[in-house]
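J.: My questions all concern the structure below.
The values are calculated or read from the model by the stated rules, or taken from the named source; none is laboratory data. Predicted model, so just to flag it, every value in this text is computed and none were measured. A quick note on method: Cβ atoms are made from the backbone with ideal geometry, for glycine too, and the neighbour counts reach across all protein chains shown. In case anyone asks, the SASA skips ligands and DNA or RNA and just uses the protein heavy atoms, side chains included. Shrake-Rupley method; radii C 1.70, N 1.55, O 1.52, S 1.80 Å.
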Amino acid sequence: MDRYARVIRGREDLHDYQDDLAIPWLDENPMSALLADVGLGKAVMLATGIVDRWSLDDPPALVAAPVRVAKQTWPTEFQEWEHLAGFPLTLIRAEDDTPEIHAVYRRKYEQFYVMMKHMHSTPKEAARFSAIYAARFRDVAKQMWRAKLAKQQTPVHVIGIEQLEWLVRFWGSRWPYRTTIIDEASKLKNHRTTRWRALNSVRPYINRLHLATATPMPESEMDLFALIYLLDGGQRLGRNITKFRERFWNHNPYNFQYTLKDGADEEISGLIADICLPMRAEQYLDLEKPHFLNRYIELPDDIIDMKNRFEESYILQLGEDVMIEAINGAAMSDKLRQFSAGAVYDDEKRIHPIHDEKLDDLAQLIDELQGEPLMVAYWYQSSLARLKKRFPQATVMDKAGNCVDAWNAGKIELLLIHPASAGHGLNMQKGPGHDLCFFDIPWSRELYEQIIGRLARQGQAKVVRVWHQVVRKTIDSLVLRALADKGAGQEALFQYIMAIRRRIEARRRAA
């Protein structure tokens, strides 16, 4: 049995607020906005709505989302839920590292490189001009690959919102997506962007449009104009942004600032209430219990292959000059956790980066939270170094806990914290921060619960959200399952080491 196998959840596992409230409401409101807090499960609600209405004669439904949400969150939902798993999904993605695209690039690069060498170019010149030459063919290949994927006859197409303009140009008036979903729709808050204009141009061909976001107005109610216009063509808030401002805002000509008129917020809310479903975590989740959420991350195939070879041989080969060896099962377990995080120590404690997938996913989570404070738990100093480099605005928790007051005052947007520094007595629940993300997932149940307890304690006014960054097909899944069963962490570690030893013995006997 694959120790990394996925758990398929059934429809009965949906929350009541999902299956009894949101999904029927979406069905009854074909042009609507789902304003659900991060972590309430927007994707599974919207996906269930798609499959509930699907029939064999229907054209594909479209989901446009930020690239990492499109690449990982939506495919994951269709893989993990039993009632979604039978519906094929096409991810319209053509990037430089797509195998088919990269193969075109390498072939053209090598052909031109040989030609340049015959012309007596230096290796540096040959490499430079070959890269420029091959890049042109790569761009054409990307366009052709996207076009091929866009024509796939599957029930659901998913595309990065950054490619939405391309998709509109590709289909034009032949736009096939009668059902269109925009996940993280705050990306369309500005009606002047080419992205917004592209979607609005195909709006007449859409019968069902759902905009999903936790932050419909990240800056002010003015952000609502573009979103609502997409849904109703200007019926509720008007067809002109200038008149919208004149109706609901006071304008200061000296500092060019707009301020809402008295009562305008209530009037705007009343106008759009029939097509918006706001869902706040505090309405549907128990304040006294943390809400646990997994962010599944896929590694490229070559990185997974590297990890598999490491597990089998106990030797991690990085390029020609770097070879890292795990001397026993316990060391292997530790290095595999480092591998999942994205960087591995060698024997001299030098850090060797391998991938940035967790860092990229964390950047996406920060974007989704739209300025809400986030606490990030790390275990390895290599993780801390990489986190500080990627997010220079972050504050690191000191051993004395001197930054607790600043956290509670809402002055820290991103706090990096080691479980060992989150000891008893640190009350960090008094401010706006209620999100904790485990960048490195610890084996220790005690330290795991202890750091969660800094936020989930008496006086917390919001549902605490605990995010796990879980890299698929790695030890992350094993550690997470061990934490789910109190006291099982040590036993899981022992079993893991014993399994590795059995593979070693089997290879030894076979030799």
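J.: Sorted by accessible area (1.4 Å probe), largest first, how do Ile315, Ile354 line up?
T.: Numbers: Ile315 60, Ile354 30 Å².
Order by accessible area, largest first: Ile315, Ile354.
J.: Further, regarding this structure: Is the range 1-96 best put as rounded, prolate or oblate by its Cα gyration tensor, with a ≥ b ≥ c the root eigenvalues, rounded for a/c under 1.5, and otherwise prolate when a/b is larger than b/c, oblate when not?
T.: Taking the square roots of the gyration eigenvalues as a ≥ b ≥ c, the range 1-96 is rounded.
J.: Using modelled backbone amide H atoms (1.01 Å from N, in-plane), which distant-in-sequence or interchain residues come within less than 5 Å of Ala33's amide H?
T.: HN-HN under 5 Å from Ala33: Leu211, Cys276, Leu277.
J.: Whose amide H sits under 5 Å from the amide H of Val63, counting only residues 5 or more places off or on another chain, with H placed in the peptide plane?
T.: For Val63, the qualifying residues are His157, Val158, Ile159, Ile181.
J.: Find out how many positive minus negative residues lie around Arg106, taking Lys and Arg as positive, Asp and Glu as negative, among other residues whose Cβ is under 13 Å from that of Arg106.
T.: So the surrounding residues net to -1.
J.: Along the positive direction of the dipole of the chain (beta-carbon charges: Lys, Arg +1; Asp, Glu -1; about the Cα centre), which of Leu34, Thr215, Pro253 reaches farthest?
T.: Positive-most Cα among the choices belongs to Pro253.
J.: For the range 301-430, divide the Cα radius of gyration by the Kirkwood radius and give the resulting Rg/Rh value with two decimals. Walk me through the intermediate numbers first.
T.: Details: Rg = 17.1 Å, Rh = 16.4 Å.
Answer for the range 301-430: 1.04.
J.: Roughly what % of DSSP beta bridges within the chain run antiparallel, to the nearest 5? All intermediate terms of the calculation are to be shown ahead of the outcome.
T.: On the way: 11 of 57 bridges.
For the chain, the DSSP antiparallel bridge percentage is about 20.
J.: So what J values fall out for the range 103-118 if you push phi through Karplus, 6.51 cos²θ - 1.76 cosθ + 1.60 with θ = phi - 60°, rounded to Hz, Gly and Pro as x?
T.: Per residue, the Karplus-derived 3J(HN,Hα) values read 4, 4, 4, 5, 5, 5, 4, 5, 4, 6, 4, 4, 5, 5, 5, 5 Hz.
J.: Further, regarding this structure: Is there a pair in Lys148/Lys187; Lys335/Lys399; Lys124/Lys473; Lys389/Lys411 whose C-alpha atoms are over 30 Å apart, and which pairs would that be?
T.: Lys124/Lys473
J.: What number comes out for accessible area per residue over the range 165-309 if the probe is 1.4 Å? Units Å², please.
T.: Dividing the accessible area of the range 165-309 by its residue count gives 52 Å².
J.: Something else now. Using Cα centres only, tell me the gap between the range 311-387 and the range 80-131 in whole Å.
T.: 27
J.: Using the Cα centre of the chain as the reference point, and only Cβ charges (+1 on K/R, -1 on D/E), how large is the resulting charge dipole? Debye, rounded to the nearest 20.
T.: Numbers: 69 positive and 70 negative charges, 330 e Å.
The dipole magnitude comes to about 1580 debye.
J.: Please label the shape of the range 29-74 as rounded, prolate or oblate, based on the square roots a ≥ b ≥ c of the eigenvalues of the alpha-carbon gyration tensor (a/c under 1.5 means rounded; beyond that, a/b larger than b/c means prolate, else oblate).
T.: Since a/c reaches 1.5 but b/c is at least a/b, the shape of the range 29-74 is classed as oblate.
J.: If you don't mind, there's one more thing I want to ask. Compute the Cα gyration tensor for the range 270-360, then decide on rounded, prolate or oblate, letting a ≥ b ≥ c be the square roots of its eigenvalues: rounded whenever a/c is under 1.5, prolate when a/b is larger than b/c in the other cases, and oblate in all that remain. Write down the numbers at each step before the final one.
T.: Working: a/c = 3.81, a/b = 2.68, b/c = 1.42.
Because a/c hits 1.5 or more and a/b exceeds b/c, the range 270-360 counts as prolate.
J.: Ok, one more. Considering the alpha-carbon set of the chain alone, what are its Rg and its Dmax in angstrom?
T.: Computed over the Cα atoms of the chain, radius of gyration and Dmax are 25.5, 84 Å.
J.: Of the peptides 188-198, 55-65, 37-47, how do they stack up when ordered by the mean number of other Cβ atoms within 10 Å, highest first?
T.: Peptide ranking by packing, descending: 37-47, 55-65, 188-198.
J.: Same structure, new question: Taking only the alpha-carbon positions of the range 60-212 and ignoring solvent, what does the Debye formula give for the base-10 log of I(q)/I(0) at q = 0.10 Å⁻¹?
T.: With no solvent term, the Cα-only Debye profile gives -0.46.
J.: Taking only DSSP H segments of four or more residues, each worth -39500 (n - 2.57), what value at 222 nm results for the chain once the sum is divided by all its residues, to the nearest 500 deg cm²/dmol?
T.: -12500 deg cm²/dmol
J.: How big is the accessible area of Asp265 in square angstrom, nearest 10, if you roll a 1.4 angstrom probe over the protein chains?
T.: Probe radius 1.4 Å; accessible area of Asp265 about 70 Å².
J.: Now for a separate question. Post the alpha-carbon centroid distance, the range 434-469 to the range 239-276, in whole angstrom.
T.: Value for the Cα centre distance between the two parts: 39 Å.
J.: When the Karplus curve 6.51 cos²θ - 1.76 cosθ + 1.60 is applied with θ = phi - 60°, which whole-Hz ³J(HN,Hα) does each residue of the range 364-379 get, with x for Gly and Pro?
T.: Those phi angles translate into 5, 4, 4, 5, 5, 6, 6, x, 5, x, 10, 9, 10, 9, 10, 10 Hz.
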